[in-house]
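See below for the structure under consideration.
No value in this document is a laboratory result; all are computed from the given coordinates. The shown structure was predicted, so the numbers you read here are calculated from the model rather than taken from an experiment. Ideal geometry is used to build each Cβ from the backbone, glycine not excepted, and the neighbour counts take in all protein chains shown.
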Amino acid sequence: MALITLVELREEWQEAWQSAGFRRKVITGLFFVAAILSAFPFFFQTIEKRNGFVLNDPILRWLPAHNVSLALFVIIWALCVLAIYRTARHPYIFLTFLWAYILLSAMRILTITLVPLAPPAGLIDLVDPIGNMFYGKNFVTKDLFFSGHTSTVFLLYLCLPGSRDKKIALAVTVVVGLLLLVQHVHYTLDVLGALLFARIAYWITRKTIVRETAVVP
């Protein structure tokens, strides 16, 4: 990153940080994210012990299961790196993603609790060295409705500025959803539901947390 970019980055954040409301929302949001990520292992290990029902999914019945963990890991975290780089100079976009992710996580905890599902037939454990840290020491297979991977990358698509980056993020969302089905990690309903809940979380955040700013695209 060039020196001028670092200077611009500091100026953008210094200007935003002068707002007491922005500071409060960022600090509170980071606290909630830390609490959620800390609670995730206990939650996921708990739901893994319960019984659930199997959905009739004709797409999964037709689609042979293959291990595509490496491809999923590479494209998901590559998009995350791009998102961090792009949004670093846009404090309010960061704020939007931060609070939308909090809402999305809360929705996911609620839906997983209310919709106990058994893993799809042929499920292959998804190996993600970074993401799996938040699941606990045992593989989790019942965190199904809705897909966390799909909803997060779609949320990045909604938050990213610039048409080119949005196209990349949207393509990644489609590929991630398809690869999750190829690995039989999720039902088709889980992937489609992720798009809806990500959109809802983003909309609520835009209408509440960041409603006072017009700089968020």
With respect to LEU79, determine if the residue is in contact (Cβ under 8 Å) with a residue 12 or more places away in the chain and within 21 Å of the chain's Cα centre (by Cα).
yes
Of the residues in region 34-50, how many are out of contact with any helix residue (DSSP H, G or I) (no Cβ under 6 Å at 6 or more places or on another chain), in a helix (DSSP H, G or I), exposed (fewer than 13 other Cβ atoms within 10 Å of the Cβ) and in contact (Cβ under 8 Å) with a residue 60 or more places away in the chain?
1
Residue check for PHE53: among the aromatic types (Phe, Trp, Tyr), closer than 26 Å to ASN138 by Cα, in contact (Cβ under 8 Å) with a residue 24 or more places away in the chain and touching a Pro at 6+ places or on another chain (Cβ under 9 Å)
yes
Unmet criterion (only one of (1) surrounded by fewer than 21 Cβ atoms within 10 Å (Cβ to Cβ); (2) touching a helix residue (DSSP H, G or I) at 6+ places or on another chain (Cβ under 9 Å)) for LYS207
(2)
Among the residues of region 107-147, what is the count of those that are under 14 Å from ARG199 (Cα atoms), touching a Gly at 6+ places or on another chain (Cβ under 8 Å) and not charged (D, E, K, R)?
2
Among the residues in region 151-172, are any under 20 Å from GLU48 (Cβ atoms) and surrounded by 22 or more Cβ atoms within 10 Å (Cβ to Cβ)?
yes
Kindly evaluate ILE209 against the criterion of being closer than 28 Å to ARG24 by Cβ and among the β-branched types (Val, Ile, Thr).
yes
How about region 114-165: which of its residues are aliphatic (A, V, I, L, M), part of a loop (DSSP other than H, G, I, E, B) and touching a strand residue (DSSP E or B) at 6+ places or on another chain (Cβ under 7 Å)?
ALA118, LEU144
Quick check on region 106-122. Is at least one of its residues farther than 15 Å from PHE44 by Cβ, touching a His at 6+ places or on another chain (Cβ under 6 Å), surrounded by fewer than 20 Cβ atoms within 10 Å (Cβ to Cβ) and touching a residue at least 40 places away in the same chain (Cβ under 8 Å)?
yes
